[in-house]
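Undergrad: Below are the structure tokens for one structure; questions will follow.
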Amino acid sequence: MSTLDAAPATGGAAIGSAMEPVGQRTHRVLAKVPTAVLWAIVVLWTIPSFGLLVTSLRPEADQISGGWWTIFSNPSLTLENYDNALFHPPGGTLPFIDAFVNSLAIAIPGTVIPIAIACAAAYAFAWMDFRGRHWMFIGVLAMMAVPVQMSLVPLQQLYSGGAHLTVGGSTFIVLPDMDLSNKPIAVWLAHTAFGLPLAIYLLHNYIAGLPRDLFEAARIDGANHFGIFWRIVLPLAKPAIAAFAIFQFLWVWNDYLISLIFLSQNRDASPLTIQLVNLVTSRGQGTELLPAAAFISIVVPLVIFFSLQRYFVRGLLAGSVKG
Amino acid sequence: MAQVTLENVNKVYDNGYHAVHDLDLDIQDGEFLVLVGPSGCGKSTALRMVAGLESITSGKLTIGERVVNDVHPKDRDIAFVFQNYALYPHMTVRQNIGFALKLRKTPKAEIEQRVGEAAKLLELTEFLDEKPGQLSGGQRQRVAMGRAIVRRPQVFLMDEPLSNLDAKLRVQMRAEISRLQHDLGVTTLYVTHDQIEAMTMGHRVAVMSRGYLQQVDTPQNLYDRPNNLYVATFIGSPQMNLIMGQLHLGATPHLVVGKHRLDLPAALVASRPGLADFDDKKVVVGIRPESLEDAGVETGAPEGRTIEAVIELREGLGSEVVAHARFDGEAPQVEAAQRDPDATLTGEQGVELVARLDPRTSVAIDQMARFIVDVDNLHLFDPATSLAIR
């Protein structure tokens, strides 16, 4: 109370500047920063990645003898590290070319499945009339608040033992033991479950913003709900779908935790992130391959980011700005 | 082709808003009927009920011989043209027009042929492979029409299809839609808020206000014989002048408006037996702007047919002069009466008269002018009910 009362006492001028919205003030201050400063920040932030790239291209002896900057006095570059990491990794590690394929085999279904479900759900929440629609939608959104870590143990139990319910001495099987643990489908399902709430939310906002007339015109033209969904909504929601697909794909591609828990016992199916860690822990051998391996694992995110930049912005704006 | 009949149709929304009251409307086979009224009068709701986009709360809707209250829109054999066209933005013009046929599993060759015919009729052939976003407003409007006619429906339903076009294009499309409807002979229900569209396009016009149907008639009859004050002031531009007057029958039937006396022709009195109930009572006198003429232009202005008013504004249009004048009389409070339909009209001193005068007129601003009133074409209304006295 006392702090609130103090504000008017500071006088007219102080109120004037305090009234300026924070966003505007931040903009005014930031607009004065010279471009050179921004470039300096960009360079500073890029140096570690650049150093990693340089190191990945140097022979093992040079990597050990000095930092990446010694490249200027001792310029020798080789692709040997990439060759070894991809095809001949030391003792028992999966070749990175295989891990790369495994990562794709996890990330692509881990993106497609939630989007397919989320599109249908978003359409239903936005344009189909059914009882309890509002509360179901709120329920789905509330799932966003559930942390991944909290559900790992129950999920693992569900995968490896199914679900049973014991009532008064007799046990019912709610879900049979499907032995999903350490199979790629375990990871797909986990990513689907954790991706769905946000996917439904983003796509719902976009699809709900499509003009009502289109739906009415399609109904008169003879389309049923599936026809409207397939022929009108899906083509029109492409930008939103693309935006979410990028986020989901990168999240799944870069994921370590879920793969570690549900898939790490299965060496032949494990993705890049798991193999990257295994490379370090194998008796000091192959550390010279780490920079190259790290670069292999970020190739896909980099390609996606640079080729689909415009969708990032649209995705962030989804729902707030129409069209 | 089919006849469309609405019997006692009501629409009450979930929130209790009663949008359409007991609507009775009979659209003949092949007729072009225009529903007109201000926004919020229920005309679009009525149209959407015919289309099946809104449920019917009570009453009966028949298309052809079939009661269609609970029939799905796609099975009503209707086509709908939306105000903002509702074209599918990701489809080409060809796909947009052919969409309904494709959903009906029409053979490809037939779709191609019928889309081609529709496009030719609407001069869209060269745009068939473009997307709606690349077209102008008028072209989009035509694509929307194409989408409707390609189905060969029994009924066209149009919801203010011209309101998003500029004035010039609107006039052109007005004629085009009328011609198309005439050539195809499809029963059409057309909704607009623009009385010019209603008057020029409709075979008959239905005027709605506040969810109630006010009058249905041919455009000329609506203009000449409005049922009530609402229709009288809604149809016609500039709108009808209204003055409170005192009716006196007897040997020389006449009205007293302000300080002036207007003799009523015997034929007019004879044709309206209802006037007998208003002897020595107040009535609302309606005078169309063209029923006022400058006494200086016509020769031999007879006594008992003129009123005087001070000119406030003179607008020369070449073919005519529109004069706004202040008349010293009582103005009925029509708007107040429209807010509360049961209210009796009360007067307020000072009436603004609008007159369409011969261009030779010499009336000038701030001068007193004498107008001859065309007493044969006076309209008389009951101030208590707003209904025309017949």
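Bear in mind that the values in this text are calculations on the coordinates, not laboratory data. Please read all numbers here as calculations on a predicted model, not as lab measurements. Note that each Cβ is placed from the backbone with ideal geometry, even for glycine, and that neighbours are counted across all protein chains shown.
Undergrad: Any idea what log10 I(q)/I(0) is at q = 0.12, 0.13, 0.21 Å⁻¹ for region A:128-187, Debye with uniform C-alpha scatterers and no solvent?
TA: Each listed q maps to, in turn, -0.50, -0.58, -0.91.
Undergrad: Just to verify a number: FRET efficiency for A:ARG25 and A:TRP69, C-beta to C-beta distance, R0 = 51 Å, to 0.05?
TA: For A:ARG25 and A:TRP69, the calculated efficiency is 0.80.
Undergrad: Quick one: Karplus J couplings for region A:224-234, per residue in order, coefficients 6.51, -1.76, 1.60, θ = phi - 60°, nearest Hz, x for Gly and Pro?
TA: Coupling constants for region A:224-234: 8, 4, 5, x, 4, 4, 6, 9, 10, 5, 4 Hz.
Undergrad: Taking the number of other C-beta atoms within 10 Å as the exposure measure, put A:PHE96, A:PHE295 in order starting with the fewest.
TA: Taking fewest neighbouring Cβ atoms as first place, the list is A:PHE295, A:PHE96.
Undergrad: Using +1 at the C-beta of Lys and Arg and -1 at the C-beta of Asp and Glu, which of A:ILE261, A:GLY139, A:LEU289 has the Cα lying farthest in the positive direction of the dipole of chain A?
TA: Value computed over the given set: A:GLY139.
Undergrad: Would you tally the net charge around B:ILE307, using a Cβ to Cβ cut-off of less than 11 Å, leaving B:ILE307 out, and scoring K and R as +1, D and E as -1?
TA: +2
Undergrad: While we're on this one: For region A:21-29, what does the Karplus curve 6.51 cos²θ - 1.76 cosθ + 1.60, with θ = phi - 60°, yield as ³J(HN,Hα) per residue in whole Hz, taken in order and with x for Gly and Pro?
TA: Once θ is set to phi - 60°, the couplings for region A:21-29 become x, 4, x, 5, 5, 4, 4, 4, 5 Hz.
Undergrad: Still on this structure: Which of the peptides B:367-377, B:186-196, B:127-137 is most tightly packed, and how do the rest follow, judged by the mean count of other Cβ atoms within 10 Å per residue?
TA: Ranking the peptides B:367-377, B:186-196, B:127-137 by packing returns B:186-196, B:367-377, B:127-137.
Undergrad: Any idea what log10 I(q)/I(0) is at q = 0.08 Å⁻¹ for region B:4-233, Debye with uniform C-alpha scatterers and no solvent?
TA: Computed log10 I(q)/I(0) values: -0.29.
Undergrad: Another question, if that's okay. Suppose each label sits 7 Å from its Cα in the direction of the beta carbon; what would the A:THR46-A:LEU104 distance come out to in nanometres?
TA: Between A:THR46 and A:LEU104, the simple spin-label model gives 2.9 nm.
Undergrad: Could you sort the peptides B:173-182, B:64-73 by per-residue average Cβ neighbour count (10 Å cutoff), highest mean leading?
TA: Output ranking for B:173-182, B:64-73: B:173-182, B:64-73.
Undergrad: Separate question: For an R0 of 35 angstrom, estimate the FRET efficiency from the Cβ-Cβ distance between A:TRP251 and B:ARG179 and round to the nearest 0.05.
TA: For R0 = 35 Å, the calculated efficiency reads 0.05.
Undergrad: Starting from the 7 Å offset along Cα-to-Cβ, what nm value, one decimal, do you get for the label separation of B:LYS281 and A:TRP135?
TA: Placing both labels 7 Å along Cα→Cβ, they lie 5.9 nm apart.
Undergrad: On a 0 to 90 degree scale, rounded to 10, what angle separates helix B:137-149 from the longest Cα axis of chain B?
TA: Long axis of B:137-149 versus the principal axis of chain B: about 70 degrees.
Undergrad: Among A:PRO271, B:VAL67, B:ILE56, pick out the residue whose Cα is farthest towards the positive end of the charge dipole of the protein assembly as shown, where Lys and Arg carry +1 and Asp and Glu carry -1 on C-beta, about the Cα centre.
TA: Towards the positive end, the residue furthest out is A:PRO271.
Undergrad: If you count, for every residue in B:176-184, the Cβ atoms of partner chains within 10 Å of its Cβ, what is the mean?
TA: That average works out to 0.
Undergrad: Rg/Rh for chain B: what does it come to with C-alpha atoms and Rh from Kirkwood?
TA: On the Cα set of chain B, Rg over Rh gives 1.06.
Undergrad: Could you tell me the convex hull volume per residue, in Å³, taken over the Cα atoms of region A:81-317? Write out the running numbers ahead of the final one.
TA: On the way: hull volume 39.0 nm³, N = 237.
About 165 Å³ per residue, rounded to a whole number.
Undergrad: Moving on to the next point. When only alpha-carbon atoms count, how far does region B:238-381 stretch along each of its three principal axes, as whole angstroms with the largest first?
TA: Largest first, region B:238-381 extends 42, 37, 24 Å along its Cα principal axes.
Undergrad: While we're on this one: Report the net charge of residues surrounding B:ALA198, where surrounding means a beta-carbon distance below 12 angstrom and charges are Lys +1, Arg +1, Asp -1, Glu -1.
TA: Spelling it out: positives minus negatives among the neighbours equals -1.
Undergrad: Follow-up question, since we're still on this one. Viscosity 0.890 mPa s, temperature 25 °C: give me the Stokes-Einstein translational D for the protein assembly as shown in µm²/s, with Rh taken as the Kirkwood radius over C-alpha pairs.
TA: 74
Undergrad: Please list, in order, the residues from region A:72-115 whose amide nitrogen is less than 19 Å from a point placed 7 Å along the Cα→Cβ vector of A:GLN285.
TA: A:80-99
Undergrad: If you don't mind, another one. Mind scanning A:LYS238/B:LYS168; B:LYS11/B:LYS108; B:LYS105/B:LYS131 and naming the pairs with a C-alpha gap bigger than 32 Å?
TA: Too far apart for the 32 Å limit: A:LYS238/B:LYS168; B:LYS11/B:LYS108.
Undergrad: Compute the helix-to-body angle for B:93-103: its Cα long axis versus the longest principal axis of chain B, expressed 0 to 90° and rounded to tens.
TA: In chain B, helix B:93-103 runs at an angle near 70 degrees to the longest axis.
Undergrad: How crowded by other chains is B:97-108, given as the mean number of beta carbons from other chains within 10 Å of each beta carbon?
TA: Taking all residues of B:97-108 together, the mean is 3.
Undergrad: Given 0.36 nm per residue, what is the gain on full extension from B:ASP374 to B:GLU112 after removing their alpha carbon distance, in nm?
TA: Length gained between B:ASP374 and B:GLU112: 88.4 nm.
Undergrad: By how many nm would the segment from A:ALA163 to A:VAL299 lengthen if fully extended, with 0.36 nm per residue of separation less the alpha-carbon distance? Don't skip to the end; give the middle numbers.
TA: Details: separation 136, 0.36 × 136 = 48.96 nm, distance 3.99 nm.
Extra length available between A:ALA163 and A:VAL299 comes to 45.0 nm.
Undergrad: Just checking the output field for A:188-200: average partner chain Cβ neighbours within 10 Å of each residue's Cβ?
TA: 0
Undergrad: Gain in length, B:TYR17 to B:LYS259, computed as 0.36 nm per residue apart minus the alpha-carbon separation, to one decimal in nm?
TA: Using 0.36 nm per residue and subtracting the Cα-Cα distance, I get 82.5 nm.
Undergrad: Taking amide H positions as placed 1.01 Å from N in the peptide plane, with prolines and chain starts having none, which residues 5 or more places from B:LEU264, or on another chain, fall under 5 Å of its amide H?
TA: For B:LEU264, the qualifying residues are B:HIS254, B:LEU255.
Undergrad: On a straight-distance basis, which aspartates and glutamates could pair with B:LYS102 in a cross-link, Cα separation under 13 angstrom, same-chain partners fewer than 8 positions away excluded?
TA: Cα-Cα hits under 13 Å: A:ASP221, B:GLU110, B:GLU112.
Undergrad: Quick check on the exposure proxy: order A:THR26, A:THR55 from fewest to most C-beta atoms within 10 angstrom.
TA: Least crowded to most crowded, the residues run A:THR26, A:THR55.
Undergrad: Right, something else. Only four residue types carry charge here, +1 at the Cβ of Lys and Arg and -1 at the Cβ of Asp and Glu. Report the dipole size of region B:4-233 about the Cα centre in Debye, rounded to the nearest 20.
TA: Computed charge dipole of region B:4-233: roughly 600 debye.
Undergrad: Determine, for A:TRP251, A:TRP45, the number of other Cβ atoms within 10 Å of each Cβ, and report the residues in order from fewest to most.
TA: Final ranking by Cβ density, sparse to dense: A:TRP45, A:TRP251.
Undergrad: So what are the ³J(HN,Hα) numbers for region A:256-267, from phi and the Karplus equation (6.51, -1.76, 1.60; θ = phi - 60°), rounded to whole Hz, Gly and Pro as x?
TA: Values, residue by residue: 10, 4, 5, 5, 4, 7, 9, 9, 5, 6, 9, 4 Hz.
Undergrad: Taking springs between alpha-carbon atoms closer than 10 angstrom, which of A:GLY286, A:GLY23, A:GLY169 fluctuates most in the Gaussian network model of chain A?
TA: For chain A, modelled as a Gaussian network with Cα springs under 10 Å, the answer is A:GLY23.
Undergrad: At 222 nm, what helix-only mean residue ellipticity would the protein assembly as shown give, in deg cm²/dmol to the nearest 500, using -39500 (n - 2.57) for each DSSP H run of four or more?
TA: Value at 222 nm, helices only, nearest 500: -13500 deg cm²/dmol.
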